[in-house]
Structures are given as C-alpha cells and as structure tokens.
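The values are calculated or read from the model by the stated rules, or taken from the named source; none is laboratory data. Everything numeric here is computed off the predicted structure, so don't read it as measured data. Here the Cβ positions follow ideal geometry from the backbone for every residue, glycine too, while neighbour counts run over all protein chains shown. These accessible areas exclude ligands, DNA and RNA; they are computed on the full protein's heavy atoms, side chains included. Shrake-Rupley method; radii C 1.70, N 1.55, O 1.52, S 1.80 Å.
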Amino acid sequence: MARPPGLTPFLALLALSAAARPAGAQHNCTCPTNKMSVCSLDGPGGSCRCRALGSGVLLDCSRLTAKCLLLQARARAPPRGRSLVSPGPLAIVDNDGLYDPECDGEGRFKARQCNGTSVCWCVNSVGVRRTDKGDLGLQCAGVVRTHRILIHLRHGPDAALNHSFLDAELRQLFRQRYGLRAAFLHAVRYDAPTIQIELRQNASQKAPGDVDIGDAAYYFERDVKGESLFPGHRGAGLPVRGGPLPVEHTLIYYLDEEPPEFTMRRLTAGIIAVIAVVSVALVAGVVILVITNWKRSGKYKKVEIKELGELRREPSL
C-alpha cells in the first residue's frame, strides 16, 4: 500500500528527531528508590541524574538512599517537599524524633550530631542518640555500629496468617524490594497478632555494595506507615500478597555493638521520683530487718545470760 505523498517527509522528520533525542528523554526521569529527590537530564549523553532533596548529593538510584540523607531531606526541604513524607511521630525507639543530621561523604551519620545550637550528642550508625546531650565540647570516639534490629508489628484482630507464608513473604520483600541480602534477615517470628522481624549485620559481614540493615528498616517502616519513599507507592500496611496487611502498632529497637552511655540525667522527673521512692522503701525495709534481727539477737543473749546466772547460783556437788 503506497503512502500518501505528503506523509513520507513527515515520517522521515519524525524518525530523525527520535534518533537525535537523548536516550534519557525516552523514559521518565525519576529516582525509582527515592521520591525525595530532584532529577534532570544533565548527565553524560543527556542521561537522567538525581540528587537528594535538601542536600544536593548525587544519588545512586539503583539502591536505597542512606537514612542520613533522607532525614536531611525531611528537615531541609521546603514545605511542599516535606509533604512527600508525613511529619508524624516516628514509631521507633528514638525520643529525639526528626532533626537535621550531619552526614559524611558516603551519606552516613557522623558520630556527633548537634541541633543547630550548642547542644550536641553522639549517635549510632542509624542516627539514634546513644549518649546524654552535652555542649559543643562533647567528644564522640566514633560511630558505633548498630548490628541488630528488632522490628515489632501488631496487625489487626481480624487478620490470621500462616507463619510459613509470612516468613516467605517477608524474606522475599526485604530481598527484592529493599535489596537486602537474605543472610541479613535473621528470623521472622509470629505469635498472632505480633510479628517480629530480626535483622543482623556485623561490620565484618557487610561487603561493599551491601544494603545497610538500618536503611532497609527505615524504608520498611515508611512503607508500613503509608509514607513510602518509593515513587507511586500508595497505601499503609505490611506489603504482602493480596494487598497491604493493616498494622496497628510499629516499634523498632536498635542494638549496638557497644552499650549506650546514658546517665540518670536522661531519665524524666517522674521516673527519678519513682526510683527515689523505691530506694527509700528499700532502705526502710533493710533498717526494719536489721532492727528486727537485733532485737531477736538481744533476746537470745538475755536468755543465755539469765540461764548462765542461774547455773552459777546452783551449789556445786
């Protein structure tokens, strides 16, 4: 079938423009692993390059973005950018909540963090405070690695899961969605309605290019909360086959390679008051016990002395 005379030049022009178009322009220029980013076709040959929102750090969008850079984006981005991730309370054991962290050249947390004033503290590798707050003279020996993470979830009362199914689903989720090596998901425990996911990763086990368990746990938390960091993801709950499983409660515990260095100053006034009352009660109990024992001991001594005196008064045979 012959083409209409006027159509041939148009098709040739269209083919020429398509061939001259940069390869990156033929697809959507976004970061598939971090929606809190700014992307443009300014890479080599017009390829897509993405930078972290708030810091401008160049991202590797083939893997998860480091948690430190994500917190920077939340703290530094304008209001429209912050709306990408809900500023609601974090369901983790981190009483300090959101702050603007300092990251090193690889996007990891620096050992010492400050809040923009003269208040500073030391953090672990996932950015959670592990010391009392101090002044600008506070010294941190180095970043203490978090080598074990326990994720506690509680689903709704109407859900009933098979443990084997849940174990397989979660292992596949962390491997495929977050890129975490299977060896780092240590265990999945289920006692309805509580789910526990245990991640383990020592410094000696983590090879170059491995996803950090702290980053994987943070992405997972945001997915469960309905605040996913992946573009286009909607809905809250545990992402398993058949749709997200509603989760009523999420709590994450971080275990470091070295114990935390908190003192009594970290405790609230109420807790200190309770400790003081318990201490007074213990002291009072010890005093009562000592007095009681002393009285009993004194009674026995008096009896012994009395009997001894009576024996001495008896005439000798």
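Figures for the structure shown
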| quantity | calculated |
| --- | --- |
| Unmet criterion (only one of (1) more than 30 Å from Ser118 (Cβ to Cβ); (2) part of a loop (DSSP other than H, G, I, E, B); (3) open to solvent by less than 40 Å² (accessible area, probe 1.4 Å)) for Ala160 | (3) |
| Subset of segment 169-186 [among the aliphatic types (A, V, I, L, M), touching a helix residue (DSSP H, G or I) at 6+ places or on another chain (Cβ under 7 Å) and open to solvent by 50 Å² or more (accessible area, probe 1.4 Å)] | Ala182 |
| Residues located in segment 100-125, provided they are over 23 Å from Arg63 (Cα atoms), in contact (Cβ under 8 Å) with a residue 12 or more places away in the chain and either of a type in the set (Val, Ile, Thr) or touching a Lys or Arg at 6+ places or on another chain (Cβ under 8 Å) (or both) | Gln113, Val119, Cys120, Trp121, Cys122, Val123 |
| Scan of segment 187-212 for residues that are within 27 Å of Pro32 (Cα to Cα) and surrounded by 14 or more Cβ atoms within 10 Å (Cβ to Cβ), ordered by number | Ile197, Glu198, Leu199, Arg200, Gln201, Lys206, Asp210, Val211, Asp212 |
| Tyr218 vs. criteria open to solvent by 60 Å² or more (accessible area, probe 1.4 Å), under 11 Å from the mean Cα position of the chain (by Cα) and either under 24 Å from Arg181 (Cβ atoms) or β-branched (Val, Ile, Thr) (or both) | no |
| Filtered residues of segment 53-79 (kept if of a type outside the set (S, T, N, Q), open to solvent by 60 Å² or more (accessible area, probe 1.4 Å) and either more than 26 Å from Arg129 (Cβ to Cβ) or in contact with a Phe, Trp or Tyr (Cβ under 8 Å, 6 or more places away or on another chain) (or both)) | Leu58, Asp60, Arg63, Pro78, Pro79 |
| Filter result for Arg154 (closer than 16 Å to Phe220 by Cβ, open to solvent by 60 Å² or more (accessible area, probe 1.4 Å), of a type outside the set (Gly, Ala, Ser) and in contact (Cβ under 8 Å) with a residue 60 or more places away in the chain) | yes |
| Answer residue from segment 153-204, given it is of a type in the set (Phe, Trp, Tyr) and more than 18 Å from the chain's Cα centre (by Cα) and is modelled with the lowest pLDDT among those | Phe165 |
| Unmet criterion (only one of (1) open to solvent by 10 Å² or more (accessible area, probe 1.4 Å); (2) farther than 19 Å from Asp167 by Cβ) for Ser228 | (1) |
| Residue, surrounded by the fewest Cβ atoms within 10 Å (Cβ to Cβ), within segment 133-151, restricted to residues that are in a loop (DSSP other than H, G, I, E, B) and basic (Lys, Arg) | Lys133 |
| Criterion (farther than 27 Å from Thr250 by Cα and modelled with pLDDT of 70 or more) met by exactly one of Ser125, Ser118, Ser17, Ser37 | Ser118 |
| Verdict on Val85 being modelled with pLDDT under 95, among the aliphatic types (A, V, I, L, M), part of a loop (DSSP other than H, G, I, E, B) and open to solvent by less than 30 Å² (accessible area, probe 1.4 Å) | yes |
| From the options Arg241, Arg296, residue that is at pLDDT below 95, in contact with a helix residue (DSSP H, G or I) (Cβ under 9 Å, 6 or more places away or on another chain) and of a type in the set (D, E, K, R) | Arg241 |
